[in-house]
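Everything on this sheet refers to the single structure shown next.
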Protein chains: 2
Amino acid sequence: MYELFFEKLAEKIALTPGQQDIIKRYLIPKKIRKNQYLLQEGDVARHAAFVEKGALRAYSVDEKGAEHIIQFAFEGWTISDMYSFMTGNPATYNIDALEDSELVLISTNAQEEILKQIPEYEAYIRLQVTGAYMAMQKRITSMLSLSLEERYINLIKLYPNLIQRVPQRMIASYMGLTPETLSRVRRKIKNK
Amino acid sequence: MYELFFEKLAEKIALTPGQQDIIKRYLIPKKIRKNQYLLQEGDVARHAAFVEKGALRAYSVDEKGAEHIIQFAFEGWTISDMYSFMTGNPATYNIDALEDSELVLISTNAQEEILKQIPEYEAYIRLQVTGAYMAMQKRITSMLSLSLEERYINLIKLYPNLIQRVPQRMIASYMGLTPETLSRVRRKIKNK
DNA sequence: ACTGCAGCTTGACAATTGTCAATGCATTTT
DNA sequence: AAAATGCATTGACAATTGTCAAGCTGCAGT
C-alpha cells in the first residue's frame, strides 16, 4: 500500500524504513468513484490528495455555470485546493474524480506532525510545490505566446495520455476554449 | 542593509541574530539600472533576486519578436527563472529592470549552503514558492473564467500601484492582450 | 524652448473565437 | 432491438480581439 506515494517520495528525499513507517501512520487511504466529489467549493480543504491510481480534476464554476479546469491529476500527482489547505479558508475550487480512483490523503494536521518528526519532509514538499509552480508558469507562457494549434500540440506532447483519459470538452475547458473551437483546432491540425 | 529581506524572512520563520549573520554572509547586494538585464534567455540563472527597491519583469520573446510578461517583481518579491535556477539549464525568460533597483542575490550554491546550515530556511522557501504558486493559480483562473474588464479591474485591485509604475502596454502584455485592446477595455470601464 | 520619440488612443477593417442549432455517432438504458 | 443520452463535429452568424495606420500628448534630450 502507498507504493507509488513512497516511490515518488524516494525520488526527492532519502528516508529510512523507520521514517517511512512514521509517515505511514498519518496517511489515510481513500477510494473514490468516478464523478464523486473529493472537495466542493465552499468547504474547507482539510487534505491534500496523492493519486495512487485514477484521475481527478480541480475546477471552478462561473456565474453562468461554466466549468473551468485549473488542474488535472493522474497517478503520482497531488491535488488539493492549496489556498484552502494552507489557510483554512473555504475552497474556491471543486475537485472530483474522472475515473474510479485510489487516493492517499494527508490532512493539515498530519502534514504538520510529519514535518515536526521528519524535517526532511519539508524539502519534499518544497520540491513538489516548485515543480507545480514551474508547470503552471509554462502553462501561462503557452497561453500568452502560442497559437491555439501550438498550445494543443504541446499539451498533447506533454501529456500524451490526456486524450485517452479525458473528454475533449474538458481539455477545451483546461485551455480556456469552447469545445467547438477545440474541435476546429484539431481539424486544422489533422489537415496538415 | 538587507532590511526588507530579513523583514520578509521574519514573517515566515523565526531566526536568531546569529543565524541571520550566517545568511548575510551568502547574500550579494546588487544595484541595477533601469532597462538593464539581470538575466537573458539562454544564460543560466545562477541567482534568485530579492527586490529591496525598484521593479523588474520576467518575460519571453516569441518568433515575431513580441514580448510576453510572465511576472512583475516589486519590493519584497523574489524573481528568477526558477526552472533554470533549479536545473542549471539555459533560461527561457529574460529579466530586466523597469526602474533603477536594489537587489539581494542568492546564488544556487549560497542557497544550498544556507539550507545545510539553517534547516529552517527550507520552510521559508517552501512558503515563498507556495505563495507564488497560489498567485499563479489565481491568475490562470482569472484568465479562464473572467471577462477582460473583470480581469483588469481585479488586477488593479490586487496591485493598485501597478498602474503608476508600469506602462500600459506591459500590463497588456501581462494579460495576454495587445495595447489597443487594453486601451479599449479601459475606456469601457471608464464609461460606466 | 524646441525637437523628437515613445506611449496611449482611436478608427476601419480583418481574423479569430464564441454562440446557437443541427447532425451523427457511440454508449447506456429500457 | 429501440430509445435515450452524452459527446464530438459542423455550419451560419455574432461578438470579440488583433492588425494597421494615423493622430495626440507628454516627457526627454538637446
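None of the figures in this text is laboratory data; all of them are computed from the coordinates on show. Keep in mind that this is a model prediction, so the values were computed, not measured. Glycine gets a Cβ as well: all are built from the backbone with ideal geometry, and neighbour counts include every protein chain shown.
Annotations
- Rounded to the nearest 20 debye, dipole of segment B:100-162 from Cβ charges on Lys, Arg, Asp, Glu: 340
- Nearest-20 debye value, chain B charge dipole, Cβ charges on Lys, Arg, Asp, Glu: 920
- Distances, shortest first, from the label point of residue A:119 to those at the same position in the other copies read 0.3 nm; the point lies 7 Å along Cα to C-beta.
- If you take the Cα centroid of segment B:127-171 and the Cα centroid of segment A:78-116, the two points sit 25 Å apart.
- FRET efficiency for residue B:37 and residue B:178, using Cβ-Cβ distance with R0 set to 25 Å, rounded to 0.05: 0.50
- Whether the protein assembly as shown is rounded, prolate or oblate, judged on the alpha carbon gyration tensor where a/c under 1.5 counts as rounded: oblate
- Distances in nm from residue B:176 to the matching label points in the other copies, shortest first (labels 7 Å along Cα to Cβ): 0.2
- In order along segment A:135-150, the Karplus-derived 3J(HN,Hα) couplings, from 6.51 cos²θ - 1.76 cosθ + 1.60 at θ = phi - 60°, round to 4, 5, 5, 4, 5, 5, 4, 4, 5, 7, 10, 10, 6, 4, 4, 4 Hz, and Gly and Pro are given as x.
- Long-range HN-HN contacts of residue A:45 with modeled amide H, under 5 Å: A:85, A:91
- When you filter the GluC sites (Glu not before Pro) in segment B:53-105 for DSSP loop state and at most 16 other Cβ atoms inside 10 Å of their Cβ, you are left with B:63, B:75, B:99.
- Residue by residue, segment B:152-169 carries 3J(HN,Hα) couplings of 5, 4, 4, 4, 5, 5, 6, 10, x, 8, 4, 4, 6, 10, 10, x, 3, 5 Hz when phi is fed to the Karplus relation 6.51 cos²θ - 1.76 cosθ + 1.60 (θ = phi - 60°); x denotes Gly or Pro.
- Unit charges at the beta carbon, dipole of segment A:3-116: most positive-side option, A:17, A:56, A:37: A:17
- Shielding value for A:139-149 is 5, the average number of Cβ atoms from other chains within 10 Å of each residue's Cβ.
- Chain A shape via C-alpha gyration tensor axes, a/c threshold 1.5: prolate
- Within the protein assembly as shown: Cβ-based charge dipole about Cα centre, in debye rounded to nearest 20 (Lys, Arg +1; Asp, Glu -1): 1460
- For residue B:161, inter-copy label distances in nm, listed shortest first [label point 7 Å out on the Cα-Cβ vector]: 4.7
- Sites residue B:163 and residue B:22, calculated FRET efficiency, Cβ-Cβ separation with R0 25 Å, nearest 0.05: 0.05
- Of the three principal axes defined by the Cα atoms of segment A:3-116, the extents in descending order read 51, 28, 21 Å.
- Global geometry of segment B:150-192, whether rounded, prolate or oblate, following the gyration tensor of its Cα atoms and the 1.5 cut on a/c: oblate
- Residues whose amide H comes within less than 5 Å of that of residue A:98, counting only those at least five positions distant or on another chain, are A:35, A:55, A:56, A:57 (H built at 1.01 Å from N in the peptide plane).
- Counting neighbouring beta carbons within 10 Å and listing from fewest to most, the residues B:32, A:79, A:28 come out as A:28, B:32, A:79.
- Of A:86, A:68, A:129, farthest towards positive along the dipole that unit charges on Lys, Arg, Asp, Glu beta carbons give chain A: A:68
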